[in-house]
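Input: a single structure, listed below in structure tokens.
Values quoted throughout were computed directly from the atomic coordinates according to the rules given, and no laboratory measurement underlies them. Everything quoted here is computed from the prediction, not taken from an experiment. All Cβ positions, glycine included, derive from the backbone under ideal geometry; neighbour counts span all protein chains shown.
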Amino acid sequence: MSEHAHAKNFDALKTDVVKALRSILALSAIATTVMIVLSFPIGAVFASSYESTKALGLVLAAMMLGLIPFSVNFMLQRVFYALEDTKSPFVFTTIQIVVFVISAYVCAGLVPAMGLVAAISLAMSISFAIQALIAYFMLVRRIGKFTGGRLFDYALQVIFAAVLAGVAGAAILWSIGGIEPYSFALSGTVNALISCVAVGGVAILVYVFVLWLMRNDEIRSALSAVKGILRR
């Protein structure tokens, strides 16, 4: 990417960026879904009471909503650095900080203490989304539109697959008692870990299967690589 940026070969640079963003979206979409579905069981691993589990779970779910925009922004920043442009990252990062600070103050004034950390976490996720959008449009203005790779269609594809995977994972979690105070998933550290493995495993399998049916290039390449390793 740095070589293409240095040579002003923006077509090749955009191809590099699209490939990277597709991989980021494929990984972040399923990670976001699984972590949100398992936010309470994960909380139960570290918390000793239901109220603490609930508070930690809500914070985790709110933070995970910002995983995709945060990851996309992290990648786009590197593109600007490859272009030897540090001014643009300063601009959209400053905007993100301003949005977050204002949102945090609003949350502090309006949200009760029990939900304050979760609300601030959600505000941070929103600020990451705004930052990623601004970074994307600034990059398009710098090197032109991303005509190849069909990023928007690809994002819809992996998000759709992740939602189906999340529904499947939530069904497994619901079948073992859901997130009620004395459910299996929240009744102890070991049970919470077992629930995480079971729900996460089912969700990942569904995600991979759906994307395989949709002829997702990244998933098919990954499966081919795994098959090659197993044959050795």
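Brief remarks follow.
- The translational diffusion coefficient of the chain, from Stokes-Einstein at 4 °C and 1.567 mPa s with a Kirkwood hydrodynamic radius over alpha carbon pairs, comes to 66 µm²/s.
- 20 Å cut-off, amide nitrogen to a point 7 angstrom out along I97 Cα→Cβ, residues in the range 57-71: 70-71
- Per-pair calculated FRET efficiency, R0 = 45 Å: V163 and E3 via Cβ, rounded to 0.05: 0.75
- Whole-number percent relative contact order across the chain, with pairs defined as alpha carbons under 8 Å at least 6 apart: 27
- A crude spin-label estimate for the pair Y105 and K145, with each label 7 Å from Cα along the Cβ direction, gives 3.9 nm.
- Burial ranking of peptide ranges 157-163, 51-57 (average Cβ count within 10 Å, highest at the top): 157-163, 51-57
- Here each label is just a point 7 Å from Cα along the line to Cβ, and for L27 and T86 those points are 2.7 nm apart.
- A straight chain from I176 to F10 at 0.36 nm per residue would run longer than the Cα-Cα distance by 54.6 nm.
- Within the range 68-118, the percentage of alpha carbon pairs spaced more than 14 angstrom apart rounds to 63%.
- Calculated log₁₀ intensity ratio I(q)/I(0) where the Debye formula runs over C-alpha points of the range 118-220, q = 0.16 Å⁻¹: -0.93
- Screening the chain for whole DSSP H helices of 20 Å or more along their axis (Cα) with average Kyte-Doolittle hydropathy at least -0.5 returns 10-37, 50-64, 67-82, 87-110, 113-143, 151-175, 189-213, 217-231.
- Lys pairs, the chain - Cα-Cα below 22 angstrom, 8 or more residues apart or on other chains: 7
- When the alpha carbon gyration tensor of the range 9-120 is reduced to an equivalent ellipsoid, the three semi-axes, largest first, read 33, 20, 8 Å.
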